[in-house]
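Q: The structure is given below, and queries will be raised subsequently.
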Amino acid sequence: MLTGILALFLILILIGILFITLSPEFGGSPSKEQIVEYEQLPYFSEGKFTNLIPTEMSMSIGKTITMIPKFFANDPTRIPSFEIPVEKRDSLELTKTQAGSRLIWFGHSAFLLQIDGLNILIDPMLGNVPAPNPMLGKPRFSKELPIEIEKLPQIDLIIISHDHYDHLDYGSIQKLKDKTKAFYVPLGVGAHFERWGVDPKQIQEMAWWQEVELDSVKLVFAPSRHFSGRGPTDRFSTLWGSWIIQGTQDNIYFSGDGGYGPHFKEIGETYGPFDFAMLECGQYNENWKEIHMSPEETAMAGIDVRAKLGMPIHWGAFSLAMHSWTDPVERVSKKAEELGLPLALPKIGEFIELGSLIENETWWVQK
């Protein structure tokens with residue numbers, strides 16, 4: 001019996017190694033030449049990218065093992081008990097010109113931004129499970145997306161904040177790569193896209209504070225306080241960050257993922273004020289409080305970046321932590337009101353028209 005158990009254990013290890021080695025989901029790795037270039041950066045050392053301030057990332061193997069049952073526990077508060085509303089969009093209305101910028105939220109941190117005639121997808125995780133295999137994660141809350149990938153208009157560019165599965169999805173990129181002109185990604189993330197069949201000429205990797213002009217739109221890649229990695233051995237091998245998108249009328253901030261820190265004030269002082277700020281708010285826990293903000297910190301970050309209008313993101317689509325699914329929006333709404341930060345709380349698929357009156361509904365409450 002002992003021999004059989006040992007053999008089964010070794011088989012499982014072999015299957016895991018083969019899956020990690022052969023599955024395209026895990027992406028690629030930066031080349032040796034790229035790593036040599038990264039070594040010139042003040043936030044890269046000993047083969048890894050680092051945060052601007054000390055950030056605790058250690059979770060012992062023992063603690064990780066004890067967290068697994070809690071993560072997969074059947075807690076009814078962590079998922080909606082009703083079919084959450086999703087506004088459907090069609091291809092035709094997305095091709096019509098409009099005076100100002102507008103966005104569509106796909107849930108979590110995925111957006112379509114239309115600004116100055118450009119179609120920009122932000123962190124388009126449009127798959128059903130944010131994991132390298134459906135068995136390793138929980139499915140999306142909503143059964144449908146506002147619009148299927150195949151019906152999206154031509155995409156001018158995709159921007160990625162970091163390479164975690166809930167922000168960078170292999171299946172989504174496979175469907176998007178032939179209808180997308182360019183990809184703007186953090187340093188090192190381009191290796192994933194190259195392995196997935198994207199032409200290297202379409203990929204632009206960005207360092208922190210790097211700027212690029214695209215017609216009338218300026219992109220800036222800014223710091224966040226987080227980490228990266230898609231497999232067990234590549235943590236910190238690629239960069240992570242936030243994005244500033246400046247058009248002729250609107251100045252927009254997308255936080256990506258990350259803990260609270262002084263970088264928000266620096267971003268606000270350098271590039272603010274922002275007409276609209278999408279701010280991480282969800283999937284937090286005391287065990288990883290330095291790499292994910294609490295809802296109260298989300299509201300504080302909105303004030304720091306000098307946002308005229310904030311929107312909590314990183315919630316409403318997946319359960320990746322142990323809090324209830326409505327806890328983020330309830331807590332951030334209370335703190336934002338206290339601080340005087342106006343919030344946009346749209347339904348998934350609803351048009352967010354910048355410069356227009358935003359009327360919030362408590363759509364997350366079952367009627």
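The values are calculated or read from the model by the stated rules, or taken from the named source; none is laboratory data. Computed from a predicted structure; not experimentally measured. As a convention, Cβ positions derive from the backbone with ideal geometry for all residues, glycine included, and neighbour counts pool all protein chains shown. For the accessible areas, the whole protein counts, side chains as well, though only heavy atoms, and no ligand, DNA or RNA atoms are used. Shrake-Rupley method; radii C 1.70, N 1.55, O 1.52, S 1.80 Å.
Q: So, of the residues in segment 238-270 that are in a strand (DSSP E or B) and of a type in the set (Val, Ile, Thr), which turns out to be surrounded by the fewest Cβ atoms within 10 Å (Cβ to Cβ)?
A: By that ranking, first place goes to Ile244.
Q: So how many residues does segment 80-118 have that are β-branched (Val, Ile, Thr) and surrounded by fewer than 16 Cβ atoms within 10 Å (Cβ to Cβ)?
A: Summing the residues that are β-branched (Val, Ile, Thr) and surrounded by fewer than 16 Cβ atoms within 10 Å (Cβ to Cβ) in segment 80-118 gives 2.
Q: Would you call Glu337 more than 23 Å from Ser228 (Cα to Cα) and without any contact (Cβ under 8 Å) to a residue 24 or more places away in the chain?
A: Taking the combined requirement at face value, the residue satisfies it.
Q: Scan segment 84-99 for residues that are modelled with pLDDT under 90 and not hydroxyl-bearing (Ser, Thr, Tyr) and jot them down.
A: Within segment 84-99, Lys96, Gln98, Ala99 meet the criteria.
Q: For segment 272-299, enumerate the residues that are surrounded by 20 or more Cβ atoms within 10 Å (Cβ to Cβ) and in a helix (DSSP H, G or I).
A: Pro295, Glu297, Thr298, Ala299
Q: With the requirement that a residue be among the hydrophobic types (A, V, I, L, M, F, W, C), surrounded by fewer than 20 Cβ atoms within 10 Å (Cβ to Cβ) and modelled with pLDDT of 95 or more, what does segment 119-140 give you?
A: Val129
Q: In addition: State all residues of segment 186-234 that are assigned to a strand (DSSP E or B) and in contact (Cβ under 8 Å) with a residue 40 or more places away in the chain; if no residue qualifies, say none.
A: If the condition is that a residue be assigned to a strand (DSSP E or B) and in contact (Cβ under 8 Å) with a residue 40 or more places away in the chain, then Pro186, Leu214, Val217, Leu219, Val220, Ala222 are the ones that fit.
Yes or no, residue by residue, for (1) within 13 Å of Gly27 (Cβ to Cβ); (2) open to solvent by 10 Å² or more (accessible area, probe 1.4 Å):
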position	(1), (2)
Asp156	no, yes
Ile160	yes, no
Asp163	yes, no
Asp166	no, yes
Tyr170	yes, yes
Pro186	yes, no
Val189	yes, no
Glu194	yes, yes
Gln202	no, yes
